[in-house]
Amino acid sequence: MDQTAFESDRRANCLIESPVCERLKSEPCWLGIDEAGRGPVLGPMVYGICFSPVADKEKFGTMGFADSKTLTEEQRDKIFSEINSSLDLLGWMVEILSPAYISRSMLRRDKYNLNALSHDCAIRLVKTALERGVNVTELYVDTVGDPAKYQAKLKEVFPTIDVTVAKKADSLYPVVSAASICAKVARDKAVKNWEFQEKITLDEPNYGSGYPGDPKTKHFLEASFDRVFGFPNFVRFSWSTAALIIEKDGVQVEWEDDDEQDGVPENTPTVSQFFKKKSERPELKQHRFFTNRQLTPVTSL
């Protein structure tokens, strides 16, 4: 899997995809979705999809796909090679979500949690497959959050597609298992080949599993932490594990404008008030809570 585009800027997301053969455009296809790297505090999260003609479901099922978590890295690499040797039967796409993007998204002013981020990525991949001409008629998804609510959400976006959302879908539907393998292979390569833009050197190059409870991951977090600049881009600093280290060991910052607020007379105008139009009435301006969510007043029913 060529990750040159991602490696050129690991702060940005990256879409990687296989060619789409004519059969996938002309025949009804089933499509599976799964992710890899949702829980770790280190590295990217990767969403993957795999799709194949419905008519070849039985043949597809004999290719030995299984939940990627039950396979060794060598087994996953072998199956992924077989996938790329069978592009007359199937196709795949993965989107690598960078740790920096995950952190920025989860810490932005408008609430945007990991479930919403995951849903949006899955929907984006299906839309991309449709744009490439894939004739998707059946969609199978390993659930994120409540299966019934997620299924209803997907059905609303894709009303002409038969949608199935289930727990452990990667062990129930081979097309989801194949998507799981594509996602896991992509994440493994991204983590293994990670080069630190911050030019840090580590006494222990093994990050462990990336999960907060792993001793090697804990050691990496402690060794890579800078008291002023925090963590390298490899770390999801929105995770509570990282946030606690920043709070405990980072340099405390006091902003000058915070101090300046003390002792300011109550009626002193703010700088922004000097840039308002004279005709603008402050009491009529909507709060950003409403504007950020594109909510407008209802004047009639």
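The values are calculated or read from the model by the stated rules, or taken from the named source; none is laboratory data. Because the structure is predicted, anything quoted here is derived from the model rather than measured. Glycine also receives a Cβ, built like all others from the backbone with ideal geometry; neighbour counts cover every protein chain displayed. These accessible areas exclude ligands, DNA and RNA; they are computed on the full protein's heavy atoms, side chains included. Shrake-Rupley method; radii C 1.70, N 1.55, O 1.52, S 1.80 Å.
Just a few scattered comments:
- A simple packing score, the average count of other Cβ atoms within 10 Å per residue, orders the peptides 237-243, 249-255 as 237-243, 249-255, with the highest score first.
- DSSP bridge pairs, the chain: antiparallel proportion in percent, nearest 5: 70 percent
- MRE, 222 nm, helices only [DSSP H, n ≥ 4, -39500 (n - 2.57), over the chain, to nearest 500]: -11000 deg cm²/dmol
- Charges were assigned to the Cβ only: +1 to each Lys and Arg, -1 to each Asp and Glu. The resulting dipole of the range 63-110 about its Cα centre is roughly 400 debye.
- Couplings for the range 177-186, taken from phi via the Karplus curve 6.51 cos²θ - 1.76 cosθ + 1.60 with θ = phi - 60°, read 4, 5, 4, 4, 5, 4, 5, 5, 4, 5 Hz in order; Gly and Pro are left as x.
- Ranking Val144, Gln252, Tyr207 by how far each Cα lies toward the positive end of the dipole of the chain (charges on Cβ) leaves Val144 at the top.
- Near the amide H of Asn13, within less than 5 Å, lie the amide hydrogens of Ser98, all on another chain or at least 5 residues away, with H placed in the peptide plane.
- Inter-label distance, nm, simple model (7 Å from Cα along the C-beta direction), Glu156/Ala243: 2.7 nm
- Taking all protein chains together and rolling a 1.4 Å probe, Arg288 ends up with roughly 130 Å² accessible.
- Check: the range 197-251 dipole with +1 on Lys, Arg Cβ and -1 on Asp, Glu Cβ, in debye: 120 debye
- Over the chain, accessible surface divided per residue gives 58 Å², non-protein components excluded, 1.4 Å probe.
- Karplus 3J(HN,Hα) series, Hz, for the range 150-167 with 6.51 cos²θ - 1.76 cosθ + 1.60 (x for Gly, Pro): 5, 5, 5, 5, 5, 5, 5, 6, 10, x, 8, 9, 6, 9, 10, 10, 8, 5
- In degrees, nearest ten, helix 215-224 long axis to first principal axis of the chain (Cα): 40 degrees
- In a simple Cβ point-charge model (Lys, Arg +1; Asp, Glu -1; nothing else charged), the chain has a dipole of about 920 debye relative to its Cα centre.
- When the P(r) is computed for the range 144-213, the part past 17 Å accounts for 65% of the Cα-Cα pairs.
- Portion, in percent, of the accessible area of the range 197-251 that falls on carbon or sulfur, probe 1.4 Å: 56 percent
- Relative contact order, percent, the chain [alpha-carbon distance under 8 Å, six or more residues apart]: 24 percent
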